[in-house]
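Worksheet: one structure, shown below.
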Amino acid sequence: MPLLQANNLTISQVHELLGFVRQSAGTFVPLLQLQPLTEFEQQELNQIQSDFERYLTSGKVSEELVKALTTYPLLRLAGFYRYPIKLSIEHDIAEIVIADADCYITGKLDILAFDCASDQTPHIFFWLLVIESKNSAVAPSAGLPQLLTYAHQSLETQPATWGLITNGELYQFVYIRKQSQPTYQLMPILSLLEPEPSMQLLQVLKAIRQIAMRSDSVEFSR
């Protein structure tokens with residue numbers, strides 16, 4: 001049975017093999033509740049911008065540096081380092097068997113954030129955010145086939161999840177849902193280096209983090 005690597009798939013192959021359907025472009029509201037940033041958060045965001053821009057002006061920023069300079073600091077600022085969220089780095093996906101095409105897909109996603117307090121059975125967690133990073137010279141859209149392939153695994157145990165593809169400067173969130181067949185919506189592209197879009201970027205990350213807090217409150221009250 002042929003083995004396909006997720007990082008080599010095209011978006012057409014993802015549509016064909018995994019059954020994904022692209023829906024019309026989406027908006028963050030009403031899917032997420034965006035809250036104003038605090039003065040501290042704004043100051044920290046400004047520092048992340050400054051640090052990344054200094055490297056960017058010197059030339060192409062590698063994928064690993066993109067994560068170190070922007071992705072990890074943004075996740076920390078948005079609260080993804082705190083309980084009940086847990087991060088998994090270079091997470092191996094379970095092999096996806098495509099019976100109709102007589103092949104299977106494997107790969108390793110960059111960053112997975114999941115709610116470690118909401119598992120219903122051992123080793124099954126609620127995926128909050130799947131992140132795929134590229135170097136600064138590559139458009140974020142290049143990571144979409146990988147992102148959808150990895151997120152497809154989460155739809156076996158939950159109705160929806162969020163994805164994020166980034167090259168450090170540009171960020172595109174993707175809302176992925178399990179319906180009669182899996183669907184995805186591309187959200188507006190946000191720039192870390194522009195004032196309003198960068199604030200919305202952090203607001204969206206904070207709002208996704210709050211999904212874990214709300215779900216845990218519901219479980220606790222039952």
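Quick note: the coordinates plus some simple rules give every number you see, no bench work behind them. Keep in mind that what you see is a predicted model, and the values were worked out from it rather than measured. A quick note on method: Cβ atoms are made from the backbone with ideal geometry, for glycine too, and the neighbour counts reach across all protein chains shown.
General remarks:
- If the condition is being assigned to a loop (DSSP other than H, G, I, E, B), closer than 12 Å to L144 by Cβ and either touching a Gly at 6+ places or on another chain (Cβ under 8 Å) or not aliphatic (A, V, I, L, M) (or both), then region 1-33 contributes T10, F20.
- Positions within region 1-46 being under 18 Å from the mean Cα position of the chain (by Cα), among the β-branched types (V, I, T) and surrounded by fewer than 11 Cβ atoms within 10 Å (Cβ to Cβ), in sequence order: V29
- Output for region 122-161, where each listed residue is within 23 Å of I85 (Cα to Cα), in contact with a Lys or Arg (Cβ under 8 Å, 6 or more places away or on another chain) and touching a residue at least 60 places away in the same chain (Cβ under 8 Å): L128, S133
- Candidates A101, A68, A78, A113, filtered to the one that is touching a Lys or Arg at 6+ places or on another chain (Cβ under 6 Å) and surrounded by 12 or more Cβ atoms within 10 Å (Cβ to Cβ): A78
- Hits in region 180-206 (condition: among the aliphatic types (A, V, I, L, M) and exposed (fewer than 15 other Cβ atoms within 10 Å of the Cβ)): L193
- Checking each residue in region 71-85 for being part of a loop (DSSP other than H, G, I, E, B), under 15 Å from W127 (Cα atoms) and either in contact (Cβ under 8 Å) with a residue 60 or more places away in the chain or in contact with a His (Cβ under 9 Å, 6 or more places away or on another chain) (or both) picks out F80, P84.
- Condition broken by V61, with the remaining ones in (1) part of a helix (DSSP H, G or I); (2) touching an Asp or Glu at 6+ places or on another chain (Cβ under 9 Å) satisfied: (1)
- Checked against (1) closer than 22 Å to E95 by Cα; (2) touching a strand residue (DSSP E or B) at 6+ places or on another chain (Cβ under 9 Å); (3) not in a strand (DSSP E or B), P145 passes all but condition (2).
- One residue alone among A68, A78 is within 26 Å of Q43 (Cα to Cα) and touching a Leu at 6+ places or on another chain (Cβ under 6 Å), and that residue is A78.
- Hey, A99 small (G, A, S) and more than 30 Å from T38 (Cα to Cα) or not: yes
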